[in-house]
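Note sheet for the following structure.
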Amino acid sequence: MVYYAKEEVRNLTGLTDLELDDSQLEEIILNAEHQVNLETSKLGGWGPSDPEYSLIQTATKFYAAALCYETFPDDKIQNFGEKAERFRNEAAKIARSFRSPIVRSSSYEQIAEQS
């Protein structure tokens, strides 16, 4: 399932099909969707019936925009690195809001001492 359409990502980034062709953009959007699913721990994906779907769409759009900008070398197009970082940070902030509040520990020593 694609959370966001190519045209919407193009509108956000301002990149045309001359700079980034449709097949590249489709792959970027699928990678962004996968990233959101991983970060939100919802590997089966999100659907329109999920109450948070609009936020998931926004996070996916931001990750896709970051990935689009990251396809270009920094010296080729000025400020793309900065834009990519901003979009990635915003997407991560949204995705973090869906993470479980459970604290995970790789050390069981404290648990054993309390017993």
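Quickly run through the stretch 1-33 and pick out the residues that are under 12 Å from the mean Cα position of the chain (by Cα) and either at pLDDT below 90 or surrounded by fewer than 16 Cβ atoms within 10 Å (Cβ to Cβ) (or both).
Residues satisfying the conditions are Tyr3, Tyr4, Leu30, Asn31.
For the stretch 72-115: of the residues being at pLDDT 80 or above and acidic (Asp, Glu), which is nearest to Ser41 (Cα to Cα)?
Among those residues, the one meeting the criterion is Glu90.
Determine, yes or no, whether Gln57 is farther than 18 Å from Phe80 by Cα and touching a residue at least 12 places away in the same chain (Cβ under 8 Å).
Details: farther than 18 Å from Phe80 by Cα: yes; touching a residue at least 12 places away in the same chain (Cβ under 8 Å): yes.
The answer is yes for Gln57.
Select from the stretch 38-56 the residues that are hydrophobic (A, V, I, L, M, F, W, C) and surrounded by 12 or more Cβ atoms within 10 Å (Cβ to Cβ) and list them in ascending order. Outline the logic, then answer.
We begin by selecting, within the stretch 38-56, every residue hydrophobic (A, V, I, L, M, F, W, C); these are 38, 43, 46, 55-56.
Selection gives Trp46, Leu55, Ile56.
Filter the stretch 36-52 down to the residues that are closer than 17 Å to Ala91 by Cβ, touching a residue at least 40 places away in the same chain (Cβ under 8 Å) and either of a type outside the set (A, V, I, L, M) or assigned to a loop (DSSP other than H, G, I, E, B) (or both) and list them by number.
The answer is Glu39, Thr40, Ser41, Lys42, Gly45, Trp46, Glu52.
Output the qualifying pairs, or none if there are none: Cβ atoms under 8 angstrom, residues six or more apart or on different chains, first residue in the stretch 3-22 and without any contact (Cβ under 8 Å) to a residue 24 or more places away in the chain, second residue of a type in the set (Val, Ile, Thr) and assigned to a loop (DSSP other than H, G, I, E, B).
Cβ pairs passing all conditions: Arg10/Thr16.
Would you pick out the residues in the stretch 12-54 that are hydroxyl-bearing (Ser, Thr, Tyr) and farther than 18 Å from Arg86 by Cβ?
Passing the criteria: Thr16, Ser23, Thr40, Ser41, Ser49, Tyr53, Ser54.
The values are calculated or read from the model by the stated rules, or taken from the named source; none is laboratory data. Since the model is a prediction, treat every value here as computed from it, not as a measurement. Glycine gets a Cβ as well: all are built from the backbone with ideal geometry, and neighbour counts include every protein chain shown.
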